[in-house]
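*Asks:* Can you read through this structure? Questions will come right after.
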Amino acid sequence: MKIWLNLILALTLACSLGCARKVVKSWASAGGSRADATVEVGYTYNPNLEIPETNEAQGRKVAEEKCRFWGYSEAEPFGMVKRTCQQWAYDPIVGRQCVDMLVSQQYQCLGIGDDTRQLDVMPKKPIKR
């Protein structure tokens, strides 16, 4: 009986480690600060089930679009790519494991920002004098 239990445990563990599939992930805006001229882009995935494939150029394009919206000319990555587990789960066989990983990269906006650009969508009424 113990041999069967160990065999089932080994097969379950092998499948959970070896059954991950490659998944194409797109970078999206994940935060930032106009005042600090920084943009953060990222994506999420389940490290137990997915092997993410990303396009670094697509991530940079997302950051540059945000920087240009703020009036800057370009974006340059700085710092390291950061991986943060957002959700943990407990599996009785393998123990505690991450089921939702956030991968993020910060970018610095370069150039001179346009402080006159309005961020609100409602047009301002002219002041009557």
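*Asks:* (1) at pLDDT 85 or above; (2) basic (Lys, Arg); (3) not in a strand (DSSP E or B): which one isn't true of Lys128, the others all being true?
*Replies:* (1)
*Asks:* In region 18-66, what count of residues is obtained for those that are in contact (Cβ under 8 Å) with a residue 12 or more places away in the chain, closer than 26 Å to Arg96 by Cα and not in a strand (DSSP E or B)?
*Replies:* Within region 18-66, residues that are in contact (Cβ under 8 Å) with a residue 12 or more places away in the chain, closer than 26 Å to Arg96 by Cα and not in a strand (DSSP E or B) number 7.
*Asks:* Let me ask you something else. Every residue in region 36-55 that is closer than 19 Å to Gly79 by Cβ and more than 12 Å from the chain's Cα centre (by Cα), please.
*Replies:* Within region 36-55, Asp36, Ala37, Thr38 meet the criteria.
*Asks:* Pull up region 67-87, narrow it to residues that are crowded, with 18+ Cβ neighbours inside 10 Å and in contact (Cβ under 8 Å) with a residue 40 or more places away in the chain, then point me to the one that is nearest to Ile112 (Cα to Cα). Spell out how you get there, then give the answer.
*Replies:* At the first step, the residues of region 67-87 found to be crowded, with 18+ Cβ neighbours inside 10 Å are 67, 70, 72, 75.
Then drop every residue that is not in contact (Cβ under 8 Å) with a residue 40 or more places away in the chain, which leaves 67, 70, 72.
Numbers: Cys67: 10, Trp70: 10, Tyr72: 5 Å.
Taking the candidates together, the pick is Tyr72.
The values are calculated or read from the model by the stated rules, or taken from the named source; none is laboratory data. Since we're looking at a predicted model, the values are computed, not measured. Glycine gets a Cβ as well: all are built from the backbone with ideal geometry, and neighbour counts include every protein chain shown.
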